[in-house]
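Shown next, in structure tokens, is the structure this report addresses.
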Amino acid sequence: MKIILTAFLHFRKYAWQKDGEYQIFYARLPDDDTLSYVCEQEVEIEVLDDYDPRAQQIAALEGKKLEVMAHYQKTVNDINERISKLQALEYTA
């Protein structure tokens, strides 16, 4: 399947670079001291007819799930450590 997209060509050059580079974006970005708009061009791209993004989406969600679970476990460990430290203190009232 062929799809047609509009590509927005920009030229970017940072002060520390000898030469800049051309970059394609999905939209026209505002010009600034490092980026200047060059032109707009329609491009035709061949995409597999049976392309299905679900496998990639599932993999991304699995990765996000692992990240969230790791953050959760770290938070639980931090809380348990604080509880242990409080329990180790001698209480005199």
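So, counting K/R as plus one and D/E as minus one, what does the shell of residues with Cβ under 15 Å around Lys13 add up to? Each step should come with its number before you reach the end.
Numbers: positive: Arg12, Lys18; negative: Asp19, Glu21, Asp31, Asp32, Asp33.
Once positives and negatives cancel, what remains is -3.
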### Degrees separating the helix 54-88 axis from the principal Cα axis of the chain, which is the longest one
30
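Ignoring ligands, DNA and RNA, what accessible area per residue does the chain give at 1.4 Å, in Å²?
Values: 8460 Å² over 93 residues.
That works out to 91 Å² per residue.
Tell me, what does the Kirkwood hydrodynamic radius of the chain come to in angstroms if you use every pair of distinct C-alpha atoms?
Numbers: mean 1/r = 0.0523 Å⁻¹.
Result for the chain, one decimal place: 19.1 Å.
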### Query
Expressed in nm to one decimal, what extension gain is obtained for the pair Lys64 and Asn77 from 0.36 nm per residue of sequence separation less their Cα-Cα distance?
2.7 nm
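The values are calculated or read from the model by the stated rules, or taken from the named source; none is laboratory data. From a predicted model like this one, the values you see are computed outputs, not experimental measurements. Using ideal geometry, Cβ is built from the backbone for each residue, glycine included, and neighbour counts are taken over all protein chains shown. Ligands, DNA and RNA are stripped out before the accessible areas are found, and what is left, the full protein with its side chains, is counted by its heavy atoms. Shrake-Rupley method; radii C 1.70, N 1.55, O 1.52, S 1.80 Å.
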